[in-house]
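Accompanying notes for the structure given below.
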Amino acid sequence: MAAIALRSPQYKSLTAGAGSVYALCTIKIGGVLKYTLRKEAAPSQLVVFEIAELCRDFLDAGFDGDYSPATPVQTLAIETEINSYSNTNGITASTQAINDTGYDAYGTFMEGANPVVPFGSRPTWLVSGNPNSTGINDIFYIYVPYDVSGYVPYINTNETLGYQSFGTADLDIVGSPAGVRMNIVRVDCTKYGDGHKITFVNKFGALQDIWFFLKSVNTTSKRQEQFQRNIINGTTYNVNQHTKQVFNTIANTSITLSSGYYPEWANQWFEQLLLSEKVWLTRQDPFDISDEQVVPVNVKKSSMVQKTKLNEKLIDYTFEFDMSFDYINNIR
């Protein structure tokens, strides 16, 4: 069994047996048959099927403040089986059922074909660690404000995704299901408020929080059309009426966040944020300041220069996020 990354191609193959003329690949999701794929196949031919694009349709990673991996669906139970057949429909070669757990994850080109999560040994945390670490206790870090609790994703030995909680005063997580220490670095962000939490689906297909500790800027923009209106009434007109009439006004809001200072190796977190297809902002509810709301957003920038201590001394990033909806409610 493997935890396969479904944002990258996943190939399943079979060498067709003697007398083969075609091969069938069946794909079950959660024990239910979803796809049957057919290819022509000659004897001794390697028949290859790519399943990731089809399986990923059934993932529905979402976030409403709840980190439960079950609802919405963050992982899939996938069962793949390939058989080759002769003209008489007799099976000439067959695979055993291949059981995988599908994650909304991806591998890089240099990590090779058929990438699996977490691209290393299990159990472990599903966040990128410090590649320059010198010991097992200084690999994984998160940066959060003082007096803030939260969750960190992990994968256990059975390819199961989970989220480990930590308290408002914790400085580390020891003895968790991940089996490795998670160091919690507390940051004072009171100069600019309480900080802003961005949650995104990271490279490993898990919900990861990243905090922006410095200032924020909110922007409202609009798009609209207009036409030249005739306001003549007989031989006169009302000077209080619009001659250039506006219509179809659409408004959008965005927020620009500054990260504050992070170590150089944390560049990979911001790169994964840039490449994520699902991102959320947790902010104060404007209708109830004692509560919070989770807002879907899209990363506006399309490129990122990776900063280094050699060039920038202190490393911080500025990201602009568009709200993933129109400001004026137009859902019909």
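Spin-label model, L310 to A97: label points 7 Å out along the Cα-to-beta-carbon direction sit 5.3 nm apart.
Give me the extension gain from L37 to T15: residue separation times 0.36 nm, minus the current Cα-Cα distance, reported in nm with one decimal. Intermediate results must be reported in sequence, preceding the final value.
Working: separation 22, 0.36 × 22 = 7.92 nm, distance 1.58 nm.
Extra length from L37 to T15 when fully extended: 6.3 nm.
Note on I232/T253: beta-carbon distance plugged into 1/(1 + (r/R0)^6) with R0 of 35 Å gives a FRET efficiency of 0.35.
Highest GNM mean-square fluctuation, the chain, Cα pairs closer than 10 Å: which of F287, F204, F63? Highest fluctuation of the listed residues: F287. Available extension along the chain between S302 and D138 is 55.9 nm, counting 0.36 nm per residue and deducting the alpha carbon span.
About its Cα centre, what dipole magnitude does the chain give when the only charges are +1 on Lys and Arg Cβ and -1 on Asp and Glu Cβ, stated in debye to the nearest 20? Please report the intermediate quantities before stating the final value.
Numbers: 26 positive and 33 negative charges, 181 e Å.
Using Cβ point charges on Lys, Arg, Asp and Glu, the chain gives about 860 debye.
Taken about its Cα centre, segment 2-111 carries a charge dipole of roughly 460 debye when the Cβ of each Lys and Arg holds +1 and the Cβ of each Asp and Glu holds -1. The string of couplings for segment 235-245 from the Karplus curve (6.51, -1.76, 1.60, θ = phi - 60°) is 10, 9, 8, 8, 5, 8, 8, 7, 8, 9, 7 Hz, one whole number per residue in order, with x for Gly and Pro.
Would you please give the FRET efficiency between T282 and T243, computed as 1/(1 + (r/R0)^6) with r the Cβ-Cβ distance and R0 = 56 Å, to the nearest 0.05?
Values: r = 45 Å, r/R0 = 0.81.
Taking R0 as 56 Å, the efficiency between T282 and T243 is 0.80.
For the chain, set up a GNM with springs between Cα atoms under 10 Å and report which of E159, E271, E225 has the largest fluctuation. Among E159, E271, E225, the largest mean-square fluctuation in the Gaussian network model of the chain belongs to E225. Computing percent of Cα pairs over 39 Å apart for the structure here picks out one of (1) 9; (2) 32; (3) 35, namely (2). In plain terms, the residue of R7, R122 with the fewest other Cβ atoms within 10 Å comes first and the most crowded comes last, giving R122, R7.
What is the sum of charges around N202, taking Lys and Arg as +1, Asp and Glu as -1, for the other residues whose C-beta is under 12 Å from the C-beta of N202? Intermediate results must be reported in sequence, preceding the final value.
On the way: positive: R7, K203, K278; negative: D104, D209, E271, E277.
Local charge sum for N202: -1.
Compute the FRET efficiency between D326 and D291 as 1/(1 + (r/R0)^6), taking r as their Cβ-Cβ distance and R0 = 22 Å, and round to the nearest 0.05. Given R0 = 22 Å and the Cβ-Cβ separation, E is 0.40.
The mean sequence separation of alpha-carbon pairs under 8 Å and at least six residues apart, normalised by the residue count of the chain, gives a relative contact order of 13 percent.
Between beta-carbons, use under 14 Å as the cut-off and find the net charge around L76, counting Lys and Arg +1, Asp and Glu -1.
Values: positive: R7, K28, K34, R56; negative: E53, D57, D60, E79, D100, D104, E159.
Its environment carries a net charge of -3.
For A178, no residue 5 or more places off, or on another chain, has a built amide H under 5 Å of its own.
From the cross-link list K244/K300; K203/K278; K12/K278; K191/K300; K215/K313, which pairs have alpha carbons spaced over 22 Å apart?
Details: K244/K300 32 Å; K203/K278 11 Å; K12/K278 28 Å; K191/K300 26 Å; K215/K313 20 Å.
With Cα atoms farther than 22 Å apart: K244/K300; K12/K278; K191/K300.
For the chain, modelled as a GNM whose springs connect Cα atoms under 10 angstrom apart, the maximal fluctuation among D288, D60, D147 occurs at D288.
Ordering I232, T134, N183 by Cα displacement along the dipole of the chain toward the positive end leaves I232 in first place; charges were set at the Cβ atoms of Lys, Arg (+1) and Asp, Glu (-1).
Read-outs: derived from the displayed coordinates by stated rules, not from any lab. Owing to the predicted nature of the structure, the values given are computational and were not obtained by experimental measurement. Neighbour counts run over all protein chains shown; Cβ positions are idealised from the backbone, glycine included.
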